[in-house]
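*Asks:* Right, I'll just put the structure down here and ask away after.
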């Protein structure tokens with residue numbers, strides 16, 4: 001059923017902040033707490049999101065079955081008769097009798113009247129067309145049109161009816177397919193012919209007959225666009241909610257009568273136009289020359305580095321070494337190009353880059369001391385957790401390991417005088433540091449989007465770990481993909497570029513009068529597409 005969005009008005013108790021979101025990105029959205037609300041939702045408040053496949057296809061499927069069985073013209077004639085007789089049999093009903101759900105309001109007496117009004121020929125046409133739906137879905141609101149005598153004389157064979165129904169639903173999956181547009185046009189036609197749906201002057205969807213005759217004509221395309229825009233009317237609160245959840249039942253029953261089908265997914269390595277082996281070989285040469293170049297730079301400038309402060313030199317040096325190690329891993333190990341692992345490592349590199357950039361420009365002695373103490377406090381906390389789960393009969397080797405761990409901490413800070421900070425190692429958030437040190441592009445283009453891979457948020461799961469079920473009777477629900485997915489060698493290139501930027505930030509913070517890393521430039525120059533554009 002349609003998902004109703006929460007109210008976005010003053011009655012919700014939340015203060016509306018109309019401040020534009022920075023620098024033109026989503027500047028038209030309204031900020032409510034930590035949410036950025038689109039202008040339309042901010043203006044109208046509560047709104048029902050009606051999806052074509054999940055919500056409206058089950059409602060209009062009966063129209064598609066009429067088309068398949070009778071053709072467009074006959075289906076429009078017989079279907080409009082059913083709609084009109086339903087209105088006559090249930091005169092006080094506020095529904096349009098265009099959706100399958102609408103017929104849940106029809107009782108046995110009204111169904112008997114509908115059958116009498118339709119006549120034998122039209123009734124037979126409807127029963128033949130709708131039998132797959134009535135037979136496979138016992139609780140279908142349109143099911144009573146196939147009465148007990150019809151059900152006794154006709155057997156619903158799932159081996160025949162399920163593939164047929166799958167084919168019909170499959171044609172409706174694309175919202176803009178010819179079959180879908182025909183169903184939408186016919187549903188609108190039924191609603192208008194019933195005398196219950198009216199259009200204000202100038203809002204008519206267009207010539208429905210012309211759209212069906214010439215679907216590719218410009219006027220037909222405009223008509224189709226108008227039809228799609230009005231679809232929410234058939235699934236929103238503007239129409240009386242039915243007493244049964246037909247849509248939910250339809251998809252659940254679809255899971256019962258037919259199995260899920262996983263689409264075939266090509267494993268591939270995703271590195272089109274580039275030889276992975278050559279990338280690895282280039283990466284290994286890069287890793288060797290990187291270690292040599294960084295060691296040389298460190299030796300040449302060791303006096304300046306140490307004069308800047310021991311704590312500063314150690315923290316920034318350690319962060320730079322971490323960045324170099326991550327870049328080398330991505331450049332030399334194609335196994336970590338797997339989409340999740342590679343993006344997780346890039347996210348780590350993005351965070352390290354921001355930390356180095358901020359500490360190099362704004363870091364004071366107390367910041368470096370706090371950074372060190374925070375890390376040691378985390379070790380102390382882990383030590384105590386390990387002791388809390390260590391049984392008395394633990395092996396002497398295990399106890400000796402705990403003792404060595406404590407001694408390692410004590411070499412820098414006496415554990416009994418070491419504070420454990422449950423906050424963070426730096427005084428500002430990554431976002432704030434990125435803003436202050438002109439690294440906003442790193443935060444918005446790498447750190448923030450790749451966080452989805454770290455935390456397993458829906459956008460990452462949908463993109464990399466779920467695939468749509470190929471069975472149209474299952475509503476396009478997603479199923480897990482348990483296959484290794486190779487990523488792209490672009491990850492290695494991105495890592496090396498980021499390392500080069502990080503080195504420049506580190507050098508400016510010492511400060512050192514040195515350019516970027518020559519080995520990074522050589523690596524990037526060697527990996528270009530045939531058209532000369534950089535990867």
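*Asks:* Using R₀ = 25 Å, calculate the FRET efficiency as 1/(1 + (r/R₀)^6) where r is the Cβ-Cβ separation of residue 436 and residue 27; round to 0.05. The partial results should precede the final answer.
*Replies:* Working: r = 21 Å, r/R0 = 0.85.
After rounding to 0.05, the efficiency reads 0.70.
*Asks:* Under 8 Å for C-alpha pairs, at least 6 residues apart: give me the relative contact order for segment 276-526, rounded to a whole percent. Mind dumping the intermediate values first?
*Replies:* On the way: 260 pairs, mean separation 87.2, N = 251.
RCO, segment 276-526: 35 percent.
*Asks:* A further question on this structure: Between residue 525 and residue 77, how many nm apart are label points set 7 Å from Cα along the C-beta direction?
*Replies:* Label at residue 525, label at residue 77, 7.9 nm between them.
*Asks:* Can you give me the Cα centroid spacing of segment 103-119 and segment 121-148 in angstrom?
*Replies:* 12
*Asks:* For residue 400 and residue 262, what is the calculated FRET efficiency with R₀ set at 51 Å and r taken between the beta-carbons, to the nearest 0.05?
*Replies:* My answer for the efficiency is 0.50.
*Asks:* Another question, if that's okay. State the extension gain, in nm to one decimal, for the chain segment bounded by residue 361 and residue 36, taking 0.36 nm per residue of separation less the distance between their alpha-carbons.
*Replies:* 113.9 nm
*Asks:* I've got another one for you. By count of other Cβ within 10 Å, fewest leading, how are 82, 123 ordered? Don't skip to the answer; put the middle values down first.
*Replies:* Working: 82 24, 123 21.
Fewest-to-most Cβ neighbours within 10 Å comes out as 123, 82.
*Asks:* Counting other C-beta atoms within 10 Å, which of 352, 457, 502 has the fewest, and how do the rest follow? Can you show the working numbers first?
*Replies:* Numbers: 352 19, 457 11, 502 29.
By the 10 Å Cβ count, ascending, the order reads 457, 352, 502.
*Asks:* Also, I was wondering about something else. Taking the number of other C-beta atoms within 10 Å as the exposure measure, put 41, 316 in order starting with the fewest. Could the numbers behind the result be given before it?
*Replies:* Working: 41 19, 316 24.
Fewest-to-most ranking of 41, 316: 41, 316.
*Asks:* What nm distance separates the two modelled labels at residue 291 and residue 277, each placed 7 Å from Cα along Cα→Cβ?
*Replies:* Distance between the two pseudo-spin positions: 2.5 nm.
*Asks:* So for segment 425-535, Kirkwood radius off the Cα pairs, Stokes-Einstein at 10 °C and 1.306 mPa s: how many µm² s⁻¹?
*Replies:* 90
*Asks:* What FRET efficiency would be calculated for the residue pair residue 116, residue 164, taking the C-beta separation as r and a Förster radius of 25 Å, to the nearest 0.05?
*Replies:* On the way: r = 30 Å, r/R0 = 1.18.
Computed FRET efficiency for residue 116 and residue 164: 0.25.
*Asks:* Calculate, in nm to one decimal, what residue 157 and residue 177 gain on full extension: separation in residues at 0.36 nm each, minus their alpha carbon distance. Spell out each step's value before the answer.
*Replies:* Working: separation 20, 0.36 × 20 = 7.20 nm, distance 2.87 nm.
That pair, residue 157 and residue 177, stretches by 4.3 nm at full extension.
*Asks:* What length, rounded to one decimal in nm, is gained on full extension from residue 425 through to residue 411, with 0.36 nm per residue of separation minus their alpha-carbon distance?
*Replies:* Numbers: separation 14, 0.36 × 14 = 5.04 nm, distance 2.00 nm.
Gain on stretching residue 425 to residue 411: 3.0 nm.
*Asks:* Return the distance in nm (one decimal) between the two label points of a simple spin-label model at residue 455 and residue 483, each offset 7 Å from Cα along Cα→Cβ.
*Replies:* Here the modelled spin labels are 3.0 nm apart.
Just so you know, all these numbers are worked out from the coordinates, no wet-lab data involved. Everything numeric in this text was worked out from a predicted model, so none of it was measured. Ideal geometry is used to build each Cβ from the backbone, glycine not excepted, and the neighbour counts take in all protein chains shown.
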